[in-house]
Amino acid sequence: MNSLTDRIRANFTDSIQTKINAADSIISIIAEASEEVVQVLLEGHKILSCGNGGSACDAMHFSAEMLNRFKQERPGLPAITLTSDIATITAIGNDYHFSDIFAKQVRALGQPGDLLLAITTSGNSANIISAIKAAHDKNMGVIALTGYDGGKIPDYLQEKDIEIRVPAYDTARIQETHLLIIHCICDIVDYRLFGHGETET
């Protein structure tokens, strides 16, 4: 490539193409997951979210959109991110193990009927797998956002769980698509619960 602008354009192109590829294979799964989130909220339950690194930021992003708002004014919706309490995360990591940092929170905060949004690009994060196991122990459903080949995550999902796997192998591209998926879920939640974006006749 001849310039920085060429590299930047290539990143834009790769990101766009990844989303186009994903749209061909996962739109119906996103719709299914969105309806699951809507149902959990309608039944008075909450959503716990977790991830590592950039996926931790995605988990916080989702929770913020739920608790505050997405695009239009509406009541806050019950969501808790398990990635932002530094004291809790470091205490669990120090006293027990890093693989327990989300699972112990799920056991303490999760209730039957709640939902875990587990985000991992590789699908191999031990602490995400532990969180999924803990969610099942609490009779919670799981929506997993993954990439690559799904990693180990599919082996730990139950029949009622939903995996949204981005068909890509570049971590940055997967994370960018995960954020779009999160925004799609938020949009469907607003549409189904509050009629936002519904065309008036």
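Suppose we keep just the DSSP beta bridges with both residues in segment 90-186; what percent of those would be antiparallel, to 5?
Details: 0 of 9 bridges.
So the antiparallel bridges amount to about 0 percent of the total.
Extension gain, D24 to A172, is 51.3 nm, computed as 0.36 nm per intervening residue step minus the present C-alpha separation. On full extension, the segment bounded by E43 and R107 gains 21.0 nm, given 0.36 nm per residue less the C-alpha separation. Close amide H pairs (under 5 Å, H built 1.01 Å from N) link L145 with A118, I119, T120, I164, residues at least 5 positions away or on another chain. Simple spin-label estimate for K160 and E73 gives 3.7 nm between the two label positions (7 Å along the Cα-to-Cβ direction from each Cα).
List, in the order given, every pair from K46/K152; K104/K160; K71/K104; K71/K138 whose Cα-Cα distance in the structure shown is over 30 Å. Walk me through the numbers on the way to the answer.
Working: K46/K152 26 Å; K104/K160 22 Å; K71/K104 33 Å; K71/K138 32 Å.
Checking Cα-Cα distances, K71/K104; K71/K138 exceed 30 Å.
Gain on full extension, evaluated as 0.36 nm per residue between L4 and L180 minus their Cα-Cα distance, stands at 60.8 nm.
Assuming a viscosity of 0.890 mPa s and a temperature of 25 °C, what translational diffusion coefficient in µm² per second does Stokes-Einstein assign to the chain, Rh being the Kirkwood radius over Cα pairs?
141 µm²/s
With the cut-off at 1.5 for a/c, could you classify segment 143-188 from its C-alpha gyration tensor as rounded, prolate or oblate? Cα axes put segment 143-188 in the oblate bin.
Given a Förster distance of 35 angstrom, what is the FRET efficiency for T13 paired with H196, based on the Cβ-Cβ distance and rounded to 0.05? Could you put the intermediate results ahead of the total?
Details: r = 32 Å, r/R0 = 0.91.
Computed FRET efficiency for T13 and H196 comes out at 0.65.
Across the options Q111, I8, Q39, the greatest Cα extent toward the positive end of the charge dipole of the chain (unit charges at beta carbon of Lys, Arg, Asp, Glu) belongs to I8. Taking chymotrypsin sites (Phe, Trp or Tyr not before Pro) in DSSP loop states with no more than 16 other Cβ atoms inside 10 Å as exposed sites, the chain has its longest site-free stretch at 1-95.
Is it possible to state the helix-based mean residue ellipticity at 222 nm for the chain, with each DSSP H run of 4+ residues giving -39500 (n - 2.57), the sum divided by total residues, to the nearest 500 deg cm²/dmol? What is it?
Values: 7 runs with 110 residues, N = 201.
Mean residue ellipticity, 222 nm, calculated: -18000 deg cm²/dmol.
Of the trypsin sites (Lys or Arg not before Pro) in segment 1-99, the ones in a loop by DSSP (not H, G, I, E or B) with at most 13 other beta carbons within 10 Å are K71. Taking a ≥ b ≥ c as the square roots of the eigenvalues of the Cα gyration tensor, an a/c ratio of 1.5 or more together with a/b no larger than b/c marks segment 1-92 as oblate. Of the accessible area of the chain, computed with a 1.4 Å probe over protein heavy atoms only, carbon and sulfur atoms account for 51 percent.
Taking GluC sites (Glu not before Pro) in DSSP loop conformation with at most 14 other Cβ atoms inside 10 Å as exposed sites, the chain has its longest uninterrupted site-free stretch at 74-158.
The values are calculated or read from the model by the stated rules, or taken from the named source; none is laboratory data. Computed from a predicted structure; not experimentally measured. Because the Cβ atoms are built from the backbone with ideal geometry, glycine has one as well, and the counts that use them run over all protein chains shown. Just the protein is used for accessible areas: all its heavy atoms, side chains included, with ligands, DNA and RNA removed. Shrake-Rupley method; radii C 1.70, N 1.55, O 1.52, S 1.80 Å.
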